[in-house]
1. Can you find even one residue in segment 273-286 that is open to solvent by less than 70 Å² (accessible area, probe 1.4 Å) and touching a residue at least 40 places away in the same chain (Cβ under 8 Å)?
2. With respect to Ala215, determine if the residue is among the small types (Gly, Ala, Ser), open to solvent by 90 Å² or more (accessible area, probe 1.4 Å) and either out of contact with any Asp or Glu (no Cβ under 6 Å at 6 or more places or on another chain) or at pLDDT 85 or above (or both).
3. List the number of the failed condition for Leu84; all other conditions in (1) open to solvent by 40 Å² or more (accessible area, probe 1.4 Å); (2) in contact with a strand residue (DSSP E or B) (Cβ under 7 Å, 6 or more places away or on another chain); (3) under 19 Å from Pro268 (Cα atoms); (4) in contact (Cβ under 8 Å) with a residue 40 or more places away in the chain hold.
4. Check whether at least one residue in segment 88-99 is in contact with a Leu (Cβ under 7 Å, 6 or more places away or on another chain), without any contact (Cβ under 8 Å) to a residue 40 or more places away in the chain and either open to solvent by 70 Å² or more (accessible area, probe 1.4 Å) or not aromatic (Phe, Trp, Tyr) (or both), and report yes or no.
5. Only one of Val181, Val236 is touching a residue at least 60 places away in the same chain (Cβ under 8 Å) and β-branched (Val, Ile, Thr). Can you tell me which?
6. Taking segment 66-81, which residues are in contact with a helix residue (DSSP H, G or I) (Cβ under 8 Å, 6 or more places away or on another chain) and either farther than 18 Å from His132 by Cα or surrounded by fewer than 19 Cβ atoms within 10 Å (Cβ to Cβ) (or both)?
7. Looking only at segment 32-52, decide whether some residue is open to solvent by 70 Å² or more (accessible area, probe 1.4 Å) and either of a type in the set (Phe, Trp, Tyr) or over 17 Å from the mean Cα position of the chain (by Cα) (or both).
8. Which residues, counting only those in segment 69-120, are of a type in the set (Val, Ile, Thr) and in contact with a Lys or Arg (Cβ under 9 Å, 6 or more places away or on another chain)?
Amino acid sequence: IAIHNEEELHKILADLEDAEYEVVDVKRGERSKKAPLPFTTSTLQQEASKALNFATSKTMRIAQQLYEGVDIKGSGTVGLITYLRTDSTRISEEADANARAYVGKAYGEEYVAETTSEQKQKNDGKNIQDAHEAIRPSDVTRVPAEIKESLTRDQFRLYQLIWKRFVASRMQPAKYETTSVKIAAGDYRFNISASKLSFDGFMSVYKSDDDKEEANALVKGIDENSKLSLEELKEVQHFTQPPAHFTEASLVKALEELGIGRPSTYAPTISTIIARHYIAKEQKNLYVTELGKAVNDSMMKAFP
């Protein structure tokens, strides 16, 4: 219903106060959530910014250390990850087989993914230079917790993020039981839906911000014969929000989507415009400075 003014709202609220509430339809189903793809340079920078609060330049600096090699007790200097500048999600057959074997042994065969379709998902007509694999651990059996003592805190956190994401990419989707309920109140209808995790799949290893457990759980025994009583009516007005300021993570995402630069240029580009004071970083947000606006205006005049 479109509610145009307060008078209409109060009429509806009055009707609802006196109405009888009953369940008219309950639908139950299942949905699944696919495992994430392994990291590319861009997605690693975005996730390290969100999960670890790393600047893009810091992510690349630490990834370079992990790639070049770290002194691991009992093993000497070991390169822990594959090449860090890549826009491919491809994984070599050997690494794929090793990861599946590891998942089967550590979590059980029911957690091993059947097949992966990373190429189909990622390469939709995009200009991808597929020279390097995705960013992954050089040896999946080198579990982060076992080498923690040989790494700095930041090296450990980034290595753990890369390791978890790669292992998760070789695992089964997470499955949810869904319930959708229609509630009648006189002439009005309300919908509510909720979902409950029934099989954790890849989420037993890796959860991003988007995978947080949904809070709206429904009463178990609800069915078409359920009678409901009204507790309260909330009248809330919503306004559309302007787009949020860029963070380093969302700027990297936008650069990639617009085809600006390559994986190796995202971090230096952002570092340069901060160093030249065209933009300022406060907490996580990036703001354009007066100098930035002036430079932009003169660029627009000179190169319309």
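1. yes
2. In short, yes.
3. Leu84 satisfies all of (1) open to solvent by 40 Å² or more (accessible area, probe 1.4 Å); (2) in contact with a strand residue (DSSP E or B) (Cβ under 7 Å, 6 or more places away or on another chain); (3) under 19 Å from Pro268 (Cα atoms); (4) in contact (Cβ under 8 Å) with a residue 40 or more places away in the chain except (1).
4. Within segment 88-99, not a single residue is in contact with a Leu (Cβ under 7 Å, 6 or more places away or on another chain), without any contact (Cβ under 8 Å) to a residue 40 or more places away in the chain and either open to solvent by 70 Å² or more (accessible area, probe 1.4 Å) or not aromatic (Phe, Trp, Tyr) (or both).
5. The conditions single out Val181.
6. Correct list: Val70, Asp71, Ile72, Lys73, Gly79.
7. There is no residue in segment 32-52 that is open to solvent by 70 Å² or more (accessible area, probe 1.4 Å) and either of a type in the set (Phe, Trp, Tyr) or over 17 Å from the mean Cα position of the chain (by Cα) (or both).
8. Selection gives Ile72, Val78, Ile81, Thr82, Thr89, Ile91, Val103, Val112, Thr116.
The values are calculated or read from the model by the stated rules, or taken from the named source; none is laboratory data. Every value quoted in this text rests on a predicted model; they were computed, and no experiment measured them. Cβ sites come from the backbone with ideal geometry, for glycine too, and all protein chains shown count toward neighbours. The accessibility values were calculated without ligands, DNA or RNA, using every heavy atom of the protein model including side chains. Shrake-Rupley method; radii C 1.70, N 1.55, O 1.52, S 1.80 Å.
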